[in-house]
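S.K.: Sharing a structure, written as structure tokens. Questions coming.
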Amino acid sequence: NYENYTEIVGMGLTGEKTEGDSTSYDGISQGYTTTGTNVSYSKGFIISREAKDDGRYLDMYERGIYALGMSKYQTTETIAANVLNRGYNSSYLGGDGVVLFSAAHPTTDGTQSNTLSVAADFSEVAIQDLVTQIDTAKDSAGNFISLKSEMLIGHPTLKFDFERLLKTTNRVDTAENDINAIKSLGTFPKGYLCNPFLSTDTDAFYIKTSGVMEGLMHQLRTKLEFAKDNDFDTDNEKYKMFWREKFFWVDWRSMFSSPGA
């Protein structure tokens, strides 16, 4: 029905060991717990007895199967994107008691942030500020963890801005002849992704990171099943699909973002 994910708070630095002395041991403490409860999804269509008698069965069946397939695709894409769409929504809190994108994630080393202190629209400067936050990120015990920016994500309205910033050799929108450091440093080794399902805030942009054990999570509890049955009273044929899955987040360090100005 559900899975629990418990944060493990990091240890301190390893001390020097003098010859003949014992190893020093550090406790492994637990942080916050995130629960991923699987959700059931189901939809179907009906072909009437009369439609079969009138020779419309094949056409209605093909259209129904196509519609079901599109419904499955759109549903999964929507609930996956909603993890980011709801990243600033106070109605959707994570295991640490705050929203996904917050400047006040509570840790044993104080509060930490995965968003800009002042919300900004997409720009070279905003990207640099977020990437610097990623490069200097710490675990809950206050240790540097060597996070790396991996992919730039946003709504299709940002596609052309993404392309210019990531592919241009020199800096964008400036008369200076400086190199484009974002490109030359290989800041986004997996490029960018523009997703139309990120529709809640079209000027928000996100950076997916690498180096987190349990970040954005997808649980597929039951794979897609397709079933057929006949209704005795109506002679109608029923077709339906069913699956169970859950999209959510565990470690907020897996994503950094600005909601735009």
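S.K.: Which of the following residues is in contact with a helix residue (DSSP H, G or I) (Cβ under 9 Å, 6 or more places away or on another chain) and of a type in the set (Asp, Glu): ASP173, ASP129?
M.R.: ASP173
S.K.: Another question about this same structure. Pairs needed: first member in region 199-214, at positive phi; second member anywhere, open to solvent by 40 Å² or more (accessible area, probe 1.4 Å); C-beta distance under 7 Å; at least 6 residues apart or different chains.
M.R.: Within 7 Å, the pairs are GLY211/ILE145; GLY211/SER146; GLY211/LYS148.
S.K.: Give all pairs with beta carbons closer than 7 Å in which a residue from region 3-28 that is within 28 Å of TRP249 (Cα to Cα) and touching a residue at least 24 places away in the same chain (Cβ under 8 Å) meets a residue that is in a loop (DSSP other than H, G, I, E, B) and hydroxyl-bearing (Ser, Thr, Tyr); count only pairs at least 6 apart in sequence or on separate chains.
M.R.: That search, which allows pairs on different chains as well, returns GLU7/SER140; VAL9/THR108; VAL9/SER140; GLY10/SER140.
S.K.: Moving on. Within region 218-236, does at least one residue satisfy the condition of being open to solvent by less than 10 Å² (accessible area, probe 1.4 Å) and either of a type in the set (Val, Ile, Thr) or more than 30 Å from LYS190 (Cα to Cα) (or both)?
M.R.: Looking through region 218-236, none of the residues is open to solvent by less than 10 Å² (accessible area, probe 1.4 Å) and either of a type in the set (Val, Ile, Thr) or more than 30 Å from LYS190 (Cα to Cα) (or both).
S.K.: Could you grab me the full set of residues in region 75-88 that are in contact (Cβ under 8 Å) with a residue 60 or more places away in the chain and more than 9 Å from the chain's Cα centre (by Cα)?
M.R.: Those that are in contact (Cβ under 8 Å) with a residue 60 or more places away in the chain and more than 9 Å from the chain's Cα centre (by Cα): THR76, GLU77, THR78, ILE79, ASN85, ARG86, GLY87, TYR88.
S.K.: Considering (1) open to solvent by 70 Å² or more (accessible area, probe 1.4 Å); (2) more than 18 Å from the chain's Cα centre (by Cα); (3) closer than 16 Å to HIS218 by Cα, say which one ARG56 fails and leave the rest.
M.R.: Of the numbered conditions (1) open to solvent by 70 Å² or more (accessible area, probe 1.4 Å); (2) more than 18 Å from the chain's Cα centre (by Cα); (3) closer than 16 Å to HIS218 by Cα, the odd one out for ARG56 is (3).
S.K.: Taking ASN89 as meeting all but one of (1) polar (S, T, N, Q); (2) modelled with pLDDT under 90; (3) part of a loop (DSSP other than H, G, I, E, B), write down the number of the exception.
M.R.: Going through the list (1) polar (S, T, N, Q); (2) modelled with pLDDT under 90; (3) part of a loop (DSSP other than H, G, I, E, B), ASN89 breaks only (2).
The values are calculated or read from the model by the stated rules, or taken from the named source; none is laboratory data. This is a predicted model, so every value here is computed, not measured. Note that we place each Cβ from the backbone using ideal geometry, even for glycine, and neighbour counts take in every protein chain shown. Accessible surface is based on the protein model in full, side chains and every heavy atom, while ligands, DNA and RNA are left aside. Shrake-Rupley method; radii C 1.70, N 1.55, O 1.52, S 1.80 Å.
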